[in-house]
Amino acid sequence: MSNIIKQVPKVYVLDNGRMKMDKNFMVSMHNPATAADPNKPNQMIEFPIYTVLIDHPDGKVLFDTACNPNGMGEGGRWPQEIQNLLQFTAEVDGQDCHLHSRLEEIGVDPREVDYVVVSHLHLDHSGCLELFTNAKIIVHQNEFNAALQNYAQNRSAEGFIWDDVDAWIKNDLTWRVVKDDEGDLDLLDGIRILNFGSGHSYGMLGLHIDLADHGGLILASDAVYSSENYGPPSRLPATIYDSIGYMKTIDKIQKLSSKTQSEVWFGHDGEQFSTLRKSTEGYYE
Ligand SMILES: [Zn+2]
């Protein structure tokens with residue numbers, strides 16, 4: 001007989017707001033003009049921004065960090081043309097969805113987070129990195145290099161925001177840069193970093209989580225925006241750096257998912273997101 005109760009990881013889904021953009025960015029050429037209908041309109045879609053906090057007995061792990069609270073608006077961190085293309089709000093049904101607020105709701109101080117795995121450095125995934133001053137920030141090398149190259153050239157381009165990068169540097173974050181040839185990496189018991197390489201952006205990371213009750217989860221982030229991209233057949237987004245790498249990544253995720261019986265959580269799938277248990281309702285374990 002033992003009185004020791006084994007601690008198991010808890011997985012919290014944090015709703016961090018909504019974004020709107022042209023649907024072609026998500027599923028390229030989803031509605032092509034035809035002879036019969038030569039002037040089909042473009043279409044704005046609204047989709048969720050979310051992050052995942054894993055409260056593991058050996059440390060707290062955060063996957064992605066959503067948008068910076070000062071991105072939108074006059075004098076915001078995001079250049080006006082980006083604000084016009086990508087409209088973000090952290091207010092949904094009267095709720096404050098900012099990452100710091102969501103963490104506070106579940107009693108987590110950003111300074112208590114041990115690891116932040118950042119899928120890539122686009123504005124809707126790396127916007128609050130600067131808060132995690134005690135964490136090891138885990139990022140793909142090619143992504144890190146690309147973002148810093150834009151920074152050095154004083155540009156907010158390719159999804160990277162100059163003012164965000166500036167805040168990371170000024171807050172003296174601790175980075176663990178993952179190289180292409182390192183492959184997948186074990187982080188904590190039951191948590192594995194998936195090294196996707198180039199695809200949607202220069203260097204993408206995902207997460208595989210093994211949960212005692214719920215089973216396996218694959219956090220795909222923008223390696224797969226939505227079920228429409230996942231297929232079959234797999235569909236490319238218009239925001240793409242390496243289309244061949246993107247398709248290889250989807251193939252890798254499909255194989256891993258069937259081999260390990262894991263659910264795949266897409267980066268921005270509104271329909272799937274509506275079915276997930278949010279941090280305001282509970283957690284997965
Ligand atoms: Zn995204």
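The values are calculated or read from the model by the stated rules, or taken from the named source; none is laboratory data. Remember, it's a predicted structure, so these values are computed and weren't measured experimentally. All Cβ positions, glycine included, derive from the backbone under ideal geometry; neighbour counts span all protein chains shown. For the accessible areas, the whole protein counts, side chains as well, though only heavy atoms, and no ligand, DNA or RNA atoms are used. Shrake-Rupley method; radii C 1.70, N 1.55, O 1.52, S 1.80 Å.
Per-residue Karplus couplings for the stretch 28-43, computed as 6.51 cos²θ - 1.76 cosθ + 1.60 with θ equal to phi - 60°, are listed in order as 4, 6, 6, 9, x, 4, 10, 4, 6, 9, x, 10, 5, x, 6, 9 Hz, Gly and Pro entered as x. In order along the stretch 119-129, the phi-based Karplus estimate (6.51 cos²θ - 1.76 cosθ + 1.60, θ = phi - 60°) of 3J(HN,Hα) comes to 4, 6, 9, 5, 4, 9, 10, 10, x, 10, 3 Hz; Gly and Pro are listed as x.
Close amide H pairs (under 5 Å, H built 1.01 Å from N) link Asn68 with Gly127, residues at least 5 positions away or on another chain.
Extending 7 Å from Cα along the Cβ direction at Glu74 and again at Lys170 yields two label points whose distance is 2.2 nm.
Only protein heavy atoms count here; on that basis, with a 1.4 Å probe, Arg155 has an accessible area of about 100 Å². Taking only the C-alpha atoms of the chain, the Rg (one decimal) and the largest Cα-Cα distance, Dmax (whole number), read 18.5, 75 Å. Among Glu271, Glu81, Glu104, the largest mean-square fluctuation in a Gaussian network model of the chain, built with springs joining Cα atoms closer than 10 Å, belongs to Glu81. The Stokes-Einstein estimate for the stretch 156-214, based on a Kirkwood radius over Cα pairs and taken at 10 °C with 1.306 mPa s viscosity, is a diffusion coefficient of 115 µm²/s.
GNM remark for the chain: springs join alpha carbons under 10 Å apart, and the peak mean-square fluctuation among Gly159, Gly197, Gly75 falls on Gly75. In the stretch 16-76, taking the dipole from charged Cβ atoms about the Cα centre, the farthest positive-side position among Val52, His30, Pro69 is held by His30. Using the Cβ of Ala152 as centre and a radius below 14 Å, the other residues enclosed give a net charge of -1, where K and R count +1 and D and E count -1. At 0.692 mPa s and 37 °C, plugging the Kirkwood radius over alpha-carbon pairs of the stretch 5-101 into Stokes-Einstein gives what diffusion coefficient in µm²/s? My calculation gives 204 µm²/s for D.
Summarising the amide proton neighbourhood of Trp175: residues at separation of 5 or more, or on other chains, whose placed amide H is nearer than 5 Å comprise Ile137. The gain in end-to-end length when the Glu263 to Lys278 segment is fully stretched comes to 3.8 nm, 0.36 nm per residue minus the alpha carbon separation.
Using the 1.4 Å probe convention, the accessible area of the chain works out to 47 Å² per residue with neighbouring protein chains retained.
Multiplying the residue separation of Lys20 and Ile244 by 0.36 nm and removing their Cα-Cα distance gives an extension gain of 78.0 nm. Phi angles of the stretch 90-96 translate, via the Karplus equation with coefficients 6.51, -1.76, 1.60 and θ = phi - 60°, into HN-Hα couplings of 9, 10, 10, 6, x, 8, 8 Hz per residue; Gly and Pro are given as x. The distance from the alpha carbon centre of the stretch 241-285 to that of the stretch 58-93 is 22 Å, rounded to a whole number. Remark: accessible surface ordering of Val11, Val177, Val92 (largest first) is Val177, Val92, Val11, probe radius 1.4 Å.
Structural descriptor for the stretch 197-285: relative contact order 36 percent, calculated from alpha carbon pairs under 8 angstrom and at least 6 residues apart. Take every DSSP beta bridge whose two residues both sit in the chain; close to 70 percent of them are antiparallel.
Glu182 exposes around 60 Å² of accessible area when a 1.4 Å probe is run over every protein chain in place. Here the chain has 47 percent of its accessible surface on carbon and sulfur atoms, given a 1.4 Å probe and all protein chains in place.
Ranking of Thr51, Thr174, Thr260 by solvent-accessible surface, largest first: Thr174, Thr260, Thr51 (1.4 Å probe, protein heavy atoms only, all chains present).
Rounded to the nearest 20, the Cβ-based charge dipole of the chain about its Cα centre (Lys and Arg +1, Asp and Glu -1) stands at 520 debye.
The alpha-carbon positions of the stretch 80-178 define a convex hull whose volume is 104 Å³ per residue. Considering only beta bridges that DSSP places wholly inside the stretch 101-243, some 65 percent are antiparallel. One chain, two ends: Glu46 and Asn134. Fully extended at 0.36 nm per residue, the span grows by 28.3 nm beyond their Cα-Cα distance. For Gln87, the residues whose modelled amide H falls within less than 5 Å of its own, excluding neighbours fewer than 5 places apart on the same chain, are Lys20. For the stretch 134-191 versus the stretch 7-49, the spacing of their alpha-carbon centroids is 25 Å.
Short-range pairs are left out: with C-alpha atoms under 8 Å and at least six residues apart, the relative contact order of the stretch 1-46 is 41 percent.
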